[in-house]
1. Identify, by number, the condition in (1) at pLDDT 95 or above; (2) more than 17 Å from the chain's Cα centre (by Cα); (3) farther than 26 Å from residue 17 by Cβ that residue 77 doesn't meet.
2. Look at segment 118-157 and say how many of its residues are outside any helix (DSSP H, G or I) and touching a helix residue (DSSP H, G or I) at 6+ places or on another chain (Cβ under 7 Å).
3. Could you list all residues from segment 70-91 that are touching a residue at least 24 places away in the same chain (Cβ under 8 Å), more than 30 Å from residue 160 (Cα to Cα) and surrounded by 12 or more Cβ atoms within 10 Å (Cβ to Cβ)?
C-alpha cells in the first residue's frame with residue numbers, strides 16, 4: 001500500500017507525523033483531514049502475489065508510481081520516502097522521509113489507514129489470523145495462527161514464516177527451508 005498527497009499550502013493540517021508514531025485513532029482523524037484539505041491524494045496497492053513475484057522493494061516502487069499517477073493535477077516535484085522512481089518528474093528521496101516531511105507523513109498516514117481498514121475487512125474472511133488486531137504483522141499470535149492453519153491467499157509466500165507455515169500445515173515434521 002502506498003499513498004501520495006499534494007498538500008494545500010493554504011490549508012495547514014496540524015499534527016502530521018510519521019504514521020508509526022501515531023495511534024490508530026489519531027491516524028484516522030488525520031486521514032480525514034488530509035482527504036478534506038489536500039489538493040489531491042491517492043492510495044494504491046500491490047497484492048501479495050505481485051510482491052512475491054517481484055520483491056518488496058520493486059512492489060513498493062510500483063505502488064508509489066501507481067499512487068502518484070492517480071494525482072490530478074500531476075505534481076511537478078516529488079518528495080519520496082527513501083526510494084527514487086522512474087518517472088519524468090524531478091524528485092528527491094529522503095531517508096526516514098515520513099519523519100522529515102509532512103507531505104510524506106500525510107501519504108504514509110493515508111496508506112496505513114487504508115491498509116488497516118483492509119485488514120479489518122480481511123479479518124471477516126479469515127478470522128483465524130486475528131487480522132483486525134495484528135493488521136497482518138508477524139505478532140506471536142499471527143505466527144501461531146500461521147502454524148496452526150497454514151497461510152491464506154493473502155499471505156506473502158516470499159516471507160519466511162509463511163513458507164515455513166505452509167510446510168508445517170502440510171504435515172511436515174519440521175519447517176523446510178528453501179533451496
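1. (3)
2. We begin by selecting, within segment 118-157, every residue outside any helix (DSSP H, G or I); these are 126, 130, 135-139, 150-157.
Narrowing further to those that are touching a helix residue (DSSP H, G or I) at 6+ places or on another chain (Cβ under 7 Å): 130, 135-136, 138, 150-152, 154-157.
Qualifying residue count, segment 118-157: 11.
3. Those that are touching a residue at least 24 places away in the same chain (Cβ under 8 Å), more than 30 Å from residue 160 (Cα to Cα) and surrounded by 12 or more Cβ atoms within 10 Å (Cβ to Cβ): 70, 71, 75, 79.
Residue by residue, here is whether (1) over 23 Å from residue 20 (Cβ atoms); (2) surrounded by fewer than 17 Cβ atoms within 10 Å (Cβ to Cβ) holds:
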position: 112; (1), (2): no, no
position: 120; (1), (2): no, yes
position: 130; (1), (2): no, no
position: 135; (1), (2): no, no
position: 142; (1), (2): no, no
position: 151; (1), (2): yes, no
position: 163; (1), (2): yes, no
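The values are calculated or read from the model by the stated rules, or taken from the named source; none is laboratory data. Please read all numbers here as calculations on a predicted model, not as lab measurements. Quick reminder, even Gly has a Cβ in these numbers, built from the backbone with ideal geometry, and neighbours come from all protein chains shown.
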